[in-house]
Amino acid sequence: MANYGRDIRNSLHNIERHEQDQPRSAAQFARSNAATTQAVRSAATGAWVGAGFQAVSAFQSARAARAAEEQLALQQAMAERQHTMAEQATWHQFSMWRQSADGIAFLAWREPACKLAQLIRDRDSMWLEGWTTAIGRAQSEIPDSEKQRVIRHPSRLKQTGLKVASVLSFVLAGLFTLSLLFQVFVASVSQRIPESSGYTYAQCQADLNAPNTLLSTSDCAALKHDPAGTIIQQVIPLGLFLGLGIMLIVVRMAKRKEARADHALGNEAQARINHWRYDPLAVTPGYAGSVTS
C-alpha cells in the first residue's frame, strides 16, 4: 500500500510539472517565431536598402558621365571659337597690313608672280612631254636585236631557270640518298636474322615446275629478297640526279661568266650615247635631262 501511494504521488507530480512546462514551451515557441519574423523583415529591409543604394550609385554614375560629356563639348566649342577668333584676327591684321606701303607692293607683285608660276609649270609639262616624245622616237629607231639583248641581260646574269633545276636535282638526290640508307639498314638487319622455316623461294621454284601447279613466276619473285639489287636500284638514280645537279651548276656558272664577258652590250650602249647624247634604253620613267653638245 505504501508503494502504491508513492507511485500515485509521483504521477501527480509529473502531471503538475508537465502542466507547468506547457505554458513555458508555448512562450519559447512564440519568442522563436517572433525572432524568425524579425530576421525575415530585417533581410527584406536590407535587400531593399541595397537595391536603393545600387540605384543611387547607377544614377550618380550616369550623371557624372553626362557631366563629363557636357564638359568635353563645352571645351570643344570654346576651342573652335578661339580658333575662329584667331582666324578673324589674322584676316583683320592682313587687311590692315595690305593697306600699308608693304601691302600695296605685295599685292602689286602677287599677280605677276602667280602668272610666272603657272608659266613655269606649263613649261615643265611641255619639257617632259617633249622628252617623252624624243625618247619614244629614239627607241623606235633602235634595232630589235639591241632591245632584246638589253631585256635579256638581267636574266642572263641570274640564270634563274638553271638555279631552280639544280636545286630540284639535289633535292631528288637527297631523297634517293635517304632511301638508299634505309635499304642498307634493312639489308644489314636481314643478314642477322636467320632464314625462316616457312615457304622459301627455292621451294616455290620447285613447285613451279610441278604439273598442275597454281603458282606463277611473279609469286616466286615476291618471295625472293635481293638486298643488293634493291640497293643498286637506288644508287643509279641517286648518281644521275647528283651528277645532273652538278652539271647544271657548272653550266650556270659558265653562262653567267659569258654574260658578264659580253662586250657587245656595252659597245652598243656607248654607241647610243654617242649618237643621242644619252641611252634611250637605259632612261627611267620621268627622265628629263638636257642634251649637251
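Per-structure values
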item: Criterion violated by ILE120 - all others in (1) open to solvent by less than 70 Å² (accessible area, probe 1.4 Å); (2) over 30 Å from ARG272 (Cα atoms) satisfied; result: (1)
item: Flag for LYS163 being open to solvent by 50 Å² or more (accessible area, probe 1.4 Å) and under 30 Å from TYR287 (Cα atoms); result: no
item: Residue in the stretch 99-108 that is at pLDDT below 85, over 20 Å from ALA282 (Cβ atoms) and among the acidic types (Asp, Glu) present; result: no
item: Residues that are open to solvent by less than 60 Å² (accessible area, probe 1.4 Å), among the aliphatic types (A, V, I, L, M) and part of a helix (DSSP H, G or I), drawn from the stretch 251-293; result: VAL251, ALA254, ALA259, ALA264, LEU265, ALA269, ALA271
item: Residue within the stretch 148-166 that is farther than 29 Å from GLY266 by Cα, modelled with pLDDT of 90 or more, touching a helix residue (DSSP H, G or I) at 6+ places or on another chain (Cβ under 8 Å) and in a helix (DSSP H, G or I) present; result: yes
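The values are calculated or read from the model by the stated rules, or taken from the named source; none is laboratory data. Because the structure is a prediction, the values reported are computed rather than measured. Methodologically, a virtual Cβ is constructed for each residue, glycine included, from the backbone with ideal geometry; neighbour enumeration extends over all protein chains shown. Surface accessibility is based on the protein's heavy atoms, side chains included, excluding ligands, DNA and RNA. Shrake-Rupley method; radii C 1.70, N 1.55, O 1.52, S 1.80 Å.
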